[in-house]
Amino acid sequence: MTRVNNEVLRELSNIIRSEIKDPRINPMTSVVAVDVAPDLKTCKAYISVLGDKDSQDSTITGLKSAASYIRTLLAKTVNLRNTPEITFILDQSIEYGVNMSRLIDEVNGNDK
């Protein structure tokens with residue numbers, strides 16, 4: 001399953017970067033992780049978007065509207081028994097990490 005997840009992650013990143021022309025999708029969009037179900041029917045794609053809240057929302061909306069097209073392209077590039085149905089989930093772990101790092105730096109700066 002790890003190999004399947006990595007292959008889907010790589011191809012999904014390529015598709016979003018080069019094939020999708022929707023103006024709602026932020027150019028600074030990356031696929032952080034992919035979790036394909038063992039039966040290959042469903043897939044959760046965790047998406048990180050560099051930008052404000054409106055940009056993140058419009059990117060997720062654009063990806064959801066292009067989900068069937070993305071699935072078709074994925075079927076052509078990844079050789080799986082079933083092509084999973086993709087659910088896009090906004091991942092804010094990078095933003096959370098940057099926030100925590102900034103807070104730690106502030107606390108360390110106050111101690112000195």
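The values are calculated or read from the model by the stated rules, or taken from the named source; none is laboratory data. Every value quoted in this text rests on a predicted model; they were computed, and no experiment measured them. Don't worry about glycine lacking a Cβ; one is built from the backbone with ideal geometry, like all the others, and counts go over all protein chains shown. Remember, those area values only see protein heavy atoms, side chains included, never the ligands or the DNA or RNA. Shrake-Rupley method; radii C 1.70, N 1.55, O 1.52, S 1.80 Å.
Dipole magnitude for the range 2-93: computed about the Cα centre from +1 point charges on Lys and Arg Cβ and -1 point charges on Asp and Glu Cβ, it is near 280 debye. Could you calculate, for the range 1-55, the ratio of the Cα radius of gyration to the Kirkwood radius, expressed as Rg to Rh? Over the Cα atoms of the range 1-55, Rg/Rh equals 1.02.
Under a plain spin-label model, where a point goes 7 Å from the Cα along Cα-to-Cβ, how far apart in nm are Arg71 and Asn110? With each label placed 7 Å out from Cα toward Cβ, I get 5.0 nm.
Entry note, the chain: relative contact order of 28 percent, from Cα contacts under 8 Å with a spacing of 6+ residues.
Each residue of the range 14-30 was assigned a 3J(HN,Hα) from its phi angle through the Karplus curve 6.51 cos²θ - 1.76 cosθ + 1.60 (θ = phi - 60°); the sequence is 4, 5, 5, 6, 10, 9, 8, 10, 5, x, 6, 7, 5, x, 9, 10, 9 Hz, with glycine and proline shown as x. Among DSSP beta bridges lying fully in the chain, give the percent that are antiparallel, nearest 5. Of the beta bridges lying entirely in the chain, close to 55 percent run antiparallel.
GNM on the chain, alpha-carbon springs under 10 angstrom: the most fluctuating residue among Val31, Val98, Val78 is Val98. Taking the empirical scaling 2.2 N^0.38 Å for compact globular proteins as reference, the chain has a Cα radius of gyration ratio of 1.25. Across the range 59-73, coupling constants 3J(HN,Hα) worked out from phi with the 6.51/-1.76/1.60 Karplus curve, θ = phi - 60°, read 5, 5, 4, x, 5, 5, 6, 9, 4, 5, 5, 4, 5, 4, 5 Hz, and Gly and Pro carry x. Stretching Val98 away from Lys21 to a fully extended chain increases their span by 24.8 nm, per 0.36 nm per residue minus the current alpha-carbon distance. Could you pull out every one of the aspartates and glutamates with an alpha carbon less than 17 Å from that of Lys53, ignoring same-chain neighbours closer than 8 positions? Within the straight-line limit of under 17 Å, Lys53 reaches these aspartates and glutamates: Asp91, Glu95.
The distance linking the range 57-112 with the range 1-43 is 9 Å (Cα centroid to Cα centroid, whole angstrom).
May I ask you to give the percent of accessible area on the range 3-101 that is carbon plus sulfur, with a probe radius of 1.4 Å?
53 percent
Residues whose amide H comes within less than 5 Å of that of Ala66, counting only those at least five positions distant or on another chain, are absent (H built at 1.01 Å from N in the peptide plane). The residues of the chain have, on average, 64 Å² of accessible surface per residue, using a 1.4 Å probe with all protein chains present. Computed from phi, the 3J(HN,Hα) profile of the range 38-50 under the Karplus parametrisation 6.51, -1.76, 1.60 (θ = phi - 60°) reads x, 8, 6, 8, 10, 8, 9, 10, 8, 10, 10, 10, 7 Hz, with x in place of Gly and Pro.
Would you mind getting me the FRET efficiency between Thr87 and Asp52? Use the beta-carbon distance for r and R0 = 30 Å, nearest 0.05. List each step's numbers first, then the result.
Numbers: r = 23 Å, r/R0 = 0.78.
Rounded to the nearest 0.05, the efficiency is 0.80.
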